[in-house]
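The values are calculated or read from the model by the stated rules, or taken from the named source; none is laboratory data. Quick caveat, the model's predicted, so the values are computed rather than measured. When we count neighbours, we look across all protein chains shown, and the Cβ atoms used for this are built from the backbone with ideal geometry, even at glycine.
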Amino acid sequence: MEYFKGLIRNVPDFPKKGILFYDITTLLKDKRAFKEVIDILAARYRHQNIDLVVGVESRGFIFAPTLAYHIGAGFVPVRKPGKLPAETVKASYDLEYGQDTLEIHRDAIQKGQRVLVVDDLLATGGTAAAVVQLIRQLGAEVAGVAFLVELEFLNGRKKLNGYEVYSLLQYQN
């Protein structure tokens, strides 16, 4: 795991002063690391009868469809408002540095399906909790929530109580 951490660039004061941004693009360009990350996630979820993998805009789009392919599941994007062409449901949430809203197509997930949520980073948990809310609103089961990076010092897991949360890399501070 230290190998992966060594590939992630820390960018201070982005997107605003006081925020330390964990830039995963430096890990993604390493073909060995990217393959290993997907292989680890696929091994974890391959036999869990996942119907759909939901990816959160935008960096979740890197991991979720690739993982879905490897475990034989479908992929569903969750986007910012106004980006999806058909009827949507939406949820608003607080970020570490503001507030935002996410949308999903109303017909993207069917009642009773097992859905895995995948994103690049768990910070305060607001984004992931909003996605879980959307999935539950559509009547599906949240099979788990998975991240490449977790900033444990922001306690984002608390907003996901009752759900299996997995993160490959954890940062204490």
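For segment 13-52, residues that are basic (Lys, Arg), in contact with a Phe, Trp or Tyr (Cβ under 9 Å, 6 or more places away or on another chain) and within 23 Å of Val117 (Cβ to Cβ) total 1. Scanning segment 95-125 for residues that are of a type in the set (Gly, Ala, Ser) and part of a strand (DSSP E or B) yields a single hit, Gly98.
Taking the condition of being of a type in the set (A, V, I, L, M), in contact (Cβ under 8 Å) with a residue 60 or more places away in the chain and over 15 Å from Phe4 (Cβ atoms), how many residues in segment 141-150 meet it? Steps first, answer last, please.
Filtering segment 141-150 down to residues of a type in the set (A, V, I, L, M) leaves 142-143, 145-146, 148-149.
So of that shortlist, the ones also in contact (Cβ under 8 Å) with a residue 60 or more places away in the chain come out as 143, 146, 148-149.
After this cut, where a residue has to be over 15 Å from Phe4 (Cβ atoms) as well, the list is 143.
Selection size over segment 141-150: 1.
Scanning segment 73-94 for residues that are loosely packed, with under 14 Cβ neighbours inside 10 Å and in contact (Cβ under 8 Å) with a residue 24 or more places away in the chain yields a total of 2. Among the residues of segment 126-137, are any among the polar types (S, T, N, Q), in a strand (DSSP E or B) and in contact (Cβ under 8 Å) with a residue 12 or more places away in the chain? No; the residues of segment 126-137 include none that is among the polar types (S, T, N, Q), in a strand (DSSP E or B) and in contact (Cβ under 8 Å) with a residue 12 or more places away in the chain.
Please pick out the residue among Tyr97, Tyr171, Tyr93 that is modelled with pLDDT of 95 or more and not aliphatic (A, V, I, L, M). Answer to the selection: Tyr171.
Results for (1) of a type in the set (Asp, Glu); (2) farther than 14 Å from Tyr171 by Cβ, shown as yes or no for each residue.
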site: Met1; (1), (2): no, no
site: Gly6; (1), (2): no, no
site: Asn10; (1), (2): no, no
site: Gly18; (1), (2): no, yes
site: Phe21; (1), (2): no, no
site: Lys29; (1), (2): no, yes
site: Glu36; (1), (2): yes, yes
site: Ile40; (1), (2): no, yes
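Please go through segment 15-44 and pick out each residue that is of a type in the set (D, E, K, R) and out of contact with any strand residue (DSSP E or B) (no Cβ under 7 Å at 6 or more places or on another chain). Working first, answer last.
Step one: filter segment 15-44 for residues of a type in the set (D, E, K, R), giving 16-17, 23, 29-32, 35-36, 39, 44.
Lys16, Lys17, Lys29, Asp30, Lys31, Arg32, Lys35, Glu36, Asp39, listed by residue number.
For Tyr163, the conditions (1) under 25 Å from Met1 (Cα atoms); (2) at pLDDT below 95 are fulfilled apart from (2).
Would you mind stating whether Tyr3 is at pLDDT 95 or above, of a type in the set (Phe, Trp, Tyr), in contact with a strand residue (DSSP E or B) (Cβ under 7 Å, 6 or more places away or on another chain) and farther than 22 Å from Leu154 by Cβ? In short, no.
Within segment 1-10, take every residue that is assigned to a helix (DSSP H, G or I) and hydrophobic (A, V, I, L, M, F, W, C) and give me the one that is nearest to the chain's Cα centre (by Cα).
The first filter runs over segment 1-10 and keeps only residues assigned to a helix (DSSP H, G or I), leaving 2-7.
The next check asks that each one be hydrophobic (A, V, I, L, M, F, W, C); those that pass are 4, 7.
Values: Phe4: 18, Leu7: 19 Å.
Out of the qualifying residues, it is Phe4.
When the residues of segment 138-157 are narrowed to those that are assigned to a strand (DSSP E or B) and touching a Ser or Thr at 6+ places or on another chain (Cβ under 6 Å), which ends up farthest from Val89 (Cα to Cα)? If you could, list the steps in order and put the result at the bottom.
Our first condition is that a residue be assigned to a strand (DSSP E or B); within segment 138-157, this holds for 141-151.
Now restrict to residues that are touching a Ser or Thr at 6+ places or on another chain (Cβ under 6 Å): 147, 150.
Details: Phe147: 23, Glu150: 27 Å.
Taking the candidates together, the pick is Glu150.
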